[in-house]
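Right, one structure below, let's go through it.
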Amino acid sequence: MRINPKLSIFDTFKTKNELTGEALRQRAIIVRLATESSPSLRTRTAISQKIAEENGIAWKNIYSGIFHDLNEVLLPLGIAEEAGRLPLKRGPKALQEVGIPHYRLTQSGLLVALSLKEINNKEQLLTQFFSMSKSDHEFQNTILKLTKIAPRFVFSLFERYVKAYCTRKLENILPFNLANLKKISDESLAIQRETLEGFTRLSKLEKEKVLNFVQVIS
């Protein structure tokens, strides 16, 4: 086990702007845990088989990597946890007695999943995340309202937030609150705030002209 494991879901090669194999593997595991409801599809073997099927490779070739990422990264970091054991009808008696583990995302894991572009049902995950959160209701309601009117903006916040954690700019991924969000503020967020504040001061006619302009260039 790594002494100081690191979540690598945003890691890229030094020579090109492409995600590393480890990053892709960890992202794929998190996607499976976030989207599969059946425990039988959230075992190490089932996860390996699904990822292998999607990539046209033999699942046994990636099993060791999946095992490593779960046991040495995602579990120690509290991104995933063992959710129970499935009984075995075949195989060694000792293994039949203890069963095989299946996994699920923790609250931290749901937050990480919200940062991944590969996941489509983010609104459902966000509701699930906030049901486990102790952040104040006003903060939660603001995020949920923004999700309805500007979902890409909100989920870009999650991406930046989790990326800050991955690069150790944030020591802990939780709690997810306004104080920690302020720590990831950058120029792009300042530009978006400036645009929003300026837009609200425009007249109705001016707003229409600005919207038409943005639609043309976007």
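The values are calculated or read from the model by the stated rules, or taken from the named source; none is laboratory data. A quick note: this is a predicted structure, and the numbers were derived from the prediction, not measured. With ideal geometry, Cβ positions are generated from the backbone for all residues, glycine too; neighbour counts draw on all protein chains shown.
Applying a threshold of 7 Å to beta carbon distances and a minimum spacing of six or more residues, or different chains, the list of pairs starting in region 1-17 at a residue that is closer than 17 Å to Phe67 by Cα and surrounded by 10 or more Cβ atoms within 10 Å (Cβ to Cβ) and ending at one that is among the small types (Gly, Ala, Ser) and at pLDDT 90 or above reads Ser8/Ala23; Ile9/Ala23. When we screen Phe176, Phe155 for residues that are of a type in the set (Phe, Trp, Tyr), surrounded by 18 or more Cβ atoms within 10 Å (Cβ to Cβ) and over 20 Å from Gly78 (Cβ atoms), the only hit is Phe155. Determine if region 46-68 includes at least one residue that is over 26 Å from Glu22 (Cβ atoms) and either touching a Ser or Thr at 6+ places or on another chain (Cβ under 9 Å) or surrounded by fewer than 18 Cβ atoms within 10 Å (Cβ to Cβ) (or both). No: zero hits. Taking (1) closer than 29 Å to Phe130 by Cα; (2) buried (at least 16 other Cβ atoms within 10 Å of the Cβ); (3) hydroxyl-bearing (Ser, Thr, Tyr) in turn, Ser37 satisfies each apart from (2). Taking region 174-188 as the range and being among the hydrophobic types (A, V, I, L, M, F, W, C), in a helix (DSSP H, G or I) and closer than 15 Å to Lys163 by Cα as the test, only Leu181 passes.
Just one of the listed residues (Ile184, Ile100) is β-branched (Val, Ile, Thr), in contact with a strand residue (DSSP E or B) (Cβ under 6 Å, 6 or more places away or on another chain) and modelled with pLDDT under 95, namely Ile100.
None of Gln192, Gln140 is farther than 16 Å from Ser115 by Cα, surrounded by 12 or more Cβ atoms within 10 Å (Cβ to Cβ) and in contact with a helix residue (DSSP H, G or I) (Cβ under 6 Å, 6 or more places away or on another chain) except Gln140.
In region 119-132, the residues that are among the acidic types (Asp, Glu) form Cβ pairs under 9 Å with partners that are in a helix (DSSP H, G or I) and surrounded by fewer than 12 Cβ atoms within 10 Å (Cβ to Cβ), at six or more places apart or across chains, as follows: Glu123/Lys148. When Leu86 is tested against the conditions (1) touching a His at 6+ places or on another chain (Cβ under 9 Å); (2) modelled with pLDDT of 95 or more, the lone failure is (2).
Only a single item in (1) out of contact with any Leu (no Cβ under 6 Å at 6 or more places or on another chain); (2) in a helix (DSSP H, G or I); (3) not acidic (Asp, Glu) is not met by Ala83, and it is number (2). Flag not set for Ser37, criterion: polar (S, T, N, Q) and either touching a Ser or Thr at 6+ places or on another chain (Cβ under 6 Å) or in contact (Cβ under 8 Å) with a residue 12 or more places away in the chain (or both).
Pairs meeting the criteria (first residue in region 161-179 and more than 22 Å from Thr142 (Cβ to Cβ), second residue at pLDDT 95 or above and polar (S, T, N, Q), beta carbons under 8 Å, at least 6 apart or on different chains) are Cys166/Ser8. Hey, any hits in region 78-100 for a residue that's buried (at least 16 other Cβ atoms within 10 Å of the Cβ), in contact with a Lys or Arg (Cβ under 6 Å, 6 or more places away or on another chain) and under 22 Å from Ile173 (Cβ atoms)? No, region 78-100 has no match at all.
Of all the criteria given as (1) free of Cβ contacts under 8 Å to residues at least 40 places away in the same chain; (2) surrounded by 13 or more Cβ atoms within 10 Å (Cβ to Cβ); (3) within 22 Å of Ala80 (Cβ to Cβ), the one not satisfied by Leu146 is (3).
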